[in-house]
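Participant: Would you mind keeping the following structure in view while I ask a few things?
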Amino acid sequence: MHNIRLKICLVLLTVCFILLMGSALAETARDITAQAVMTASTHKPSSVRVSDRDYETIWNSLRGRRENLEFETEEPCFGVYLCSGMEKTAPWIVEEKQDNKWVQVARGEGRYGHEYVALPGITHFRVRLESTAQLVFSVNEIYLLSEGDLPDWVQIWQPPVEKADLMILVAHPDDEMLFFGGMIPTYAGERQMDVVVCYLTCGTPGRRSELLNGLWYCGVRTYPDIGTFWDKYSLKLDKQYKTWGQNTVWSYVTELFRRYRPEVVATQDVNGEYGHGAHRVCADACLHCVETAADETKYAKSAKAYGAWQVKKLYIHMYAENQVEFDWDIPLESQGGKTGFETAVEAYKLYVSQQQPQYQVEPRDSVKSCYLFGLAYSAVGPDVEKKDMFENIPVR
């Protein structure tokens, strides 16, 4: 009996040891940037603000120069998370100082604005572009991480979807939160559907980083499509078209439909929510392009590249006909019980540059309610139950 009890005690001690070891191994990596000593080649350190946690402050290297950010840390660094708001990025590398020589130990692909690379636990290293040929190294923020599991906020982006279930087309970063509310966390985060969010404009590099943070928080893991139209405020549809070129916009949106082949498209109010011309363009272009995208004789270049595509349903925010009030107040398991609306409210806080009293994620009782849409086009019949954007559409 004594031997049996001893064996039981040993088993229990072993189990406790394994659990404790597992807990230690599962420790979340910490942000150790603040303890690092940073220098920047050909720049005064005080002028380089890549760790002030402000996405609007940017360090740019001189074009074509082999400039770098160098770090020395007390604690070994096991990862670099680099944020860039540039329209075009390029491969970058991490080099460790070994025997007075710089040796490459990691490489970032430079495909996405926010990118993480793992490091082998080093204390003296630098970060720079892989090639300097007429390129600028642009950094909004940089995070150095200790050993451990990656924090939830570190973004590991997947390529854009090849075939979208849902496309959300908006004019500006933050419109997808203000006027669509729980749509993204419900369909991308909770239901794990293939969602692509497309923006006509970006504004500033800082807003590009903010939109990535907001989408990631809502559960989007495939990279968005960020356009390059010049953001100019207008209160009239025709004036906005004059700025951008109506045919240019129609060609662009038609190509988006053909490239991503969405079953459902959702876009902004025909009256621009509060009158914004760029918002109006989104709705007007979608109404036009839902038909042109299906016609292989229109916009031959994108038809040749991607083929024609028939969008099944088009929902427009606040559209007067065939109205549907979606329910974004359902608790989401993927968000720990927060509703889709509550998730959008939290995500919008990440758009720091846009925190103004007149802007909010529009609640159900607002005249600009993010719950209210109209089925402006359908190739699969009317909505009857009016609970799901994919009513009448077989989904996986």
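The values are calculated or read from the model by the stated rules, or taken from the named source; none is laboratory data. Small disclaimer: the values here were computed from a predicted structure and weren't measured. Using ideal geometry, Cβ is built from the backbone for each residue, glycine included, and neighbour counts are taken over all protein chains shown. Areas reflect the complete protein model, heavy atoms only, side chains present, ligands, DNA and RNA absent. Shrake-Rupley method; radii C 1.70, N 1.55, O 1.52, S 1.80 Å.
Participant: Between D295 and K101, take the C-beta separation as r, use R0 = 51 Å, and let me know the FRET efficiency to the nearest 0.05.
Facilitator: Taking R0 as 51 Å, the efficiency between D295 and K101 is 0.25.
Participant: Calculate, in whole percent, how much of the Cα-Cα pair population of region 214-253 lies beyond 13 Å.
Facilitator: So the pairs more than 13 Å apart make up 62 percent of the total in region 214-253.
Participant: Now for a separate question. Percent of Cα-Cα pairs more than 16 Å apart in region 106-170, please.
Facilitator: Value for region 106-170: 62 percent of Cα pairs lie more than 16 Å apart.
Participant: Kindly provide the Kirkwood hydrodynamic radius of region 264-396 in Å, to one decimal, from all pairs of distinct alpha carbon atoms.
Facilitator: Here the Kirkwood hydrodynamic radius works out to 16.7 Å.
Participant: Which value, in Å², gives the accessible area per residue of region 109-212 when a 1.4 Å probe is used on the protein heavy atoms?
Facilitator: Normalised by residue count, the accessible surface of region 109-212 is 29 Å².
Participant: So, one more: What share of all Cα pairs of region 81-203, in percent, falls into each consecutive 10 Å distance bin?
Facilitator: 11, 32, 32, 18, 6, 1
Participant: For the chain, what is the Kirkwood hydrodynamic radius in Å, using each pair of distinct C-alpha atoms?
Facilitator: Evaluated on the chain, it is 23.2 Å.
Participant: How big is the accessible area of S378 in square angstrom, nearest 10, if you roll a 1.4 angstrom probe over the protein chains?
Facilitator: Only protein atoms counted, so the area is about 40 Å².
Participant: Only helical DSSP H runs with n ≥ 4 go in: add -39500 (n - 2.57) per run for the chain, normalise by residue count and round the 222 nm mean residue ellipticity to 500 deg cm²/dmol.
Facilitator: The helix-only estimate for the chain comes to -7500 deg cm²/dmol at 222 nm.
Participant: What translational diffusion coefficient, to the nearest whole µm²/s, does region 129-269 have by Stokes-Einstein, given a Kirkwood radius computed over alpha-carbon pairs, a temperature of 20 °C and 1.002 mPa s viscosity?
Facilitator: Result for D is 128 µm²/s.
Participant: How much net charge surrounds V264 when only the other residues with a Cβ under 12 Å from the Cβ of V264 are counted, with Lys and Arg +1 and Asp and Glu -1?
Facilitator: The answer is -3.
Participant: Here is a further query. Report the accessible area of M177, computed with a 1.4 Å probe over the heavy atoms of all protein chains in place, in Å² rounded to the nearest 10.
Facilitator: 0
Participant: Now for a different question. Give, as a single signed number, the net charge of other residues whose beta carbon lies under 15 Å from the beta carbon of A303, with Lys and Arg counted +1 and Asp and Glu -1.
Facilitator: Here the count lands on +2.
Participant: Calculate log10 I(q)/I(0) of region 219-307 for q = 0.11, 0.14, 0.19, 0.20 Å⁻¹, where I(q) comes from the Debye formula with a single equal point scatterer on each Cα and nothing for solvent.
Facilitator: -0.32, -0.52, -0.91, -0.99
Participant: Using only the Cα atoms of region 351-396, construct the convex hull and provide its projected area averaged over every direction, in square nanometres to one decimal.
Facilitator: 5.6
Participant: Give the distance, in whole Å, between the Cα centre of region 175-233 and the Cα centre of region 360-375.
Facilitator: 18
Participant: Now for a separate question. Go through 30-39, 48-57, 250-259, 165-174 and give me the packing order, highest mean Cβ count within 10 Å leading.
Facilitator: Put in order of decreasing packing, that is 165-174, 250-259, 48-57, 30-39.
Participant: Let me ask something else. Per the 1.4 Å probe, what fraction of the accessible area of the chain, in percent, lies on carbon and sulfur atoms?
Facilitator: Ligands and nucleic acids excluded, carbon and sulfur give 53 percent.
Participant: Take each uninterrupted DSSP H stretch in the chain, measure its Cα extent along the helix axis, and return the ones at 15 Å or beyond whose mean Kyte-Doolittle hydropathy is at least -1.0.
Facilitator: Qualifying helices, which must be both long enough and hydrophobic enough, are 2-25, 205-217, 246-260, 277-292.
Participant: A further question on this structure: Taking the Cβ of V136 as the centre, find all other residues whose Cβ is under 13 Å away and add up their charges (Lys, Arg: +1; Asp, Glu: -1).
Facilitator: The answer is +3.
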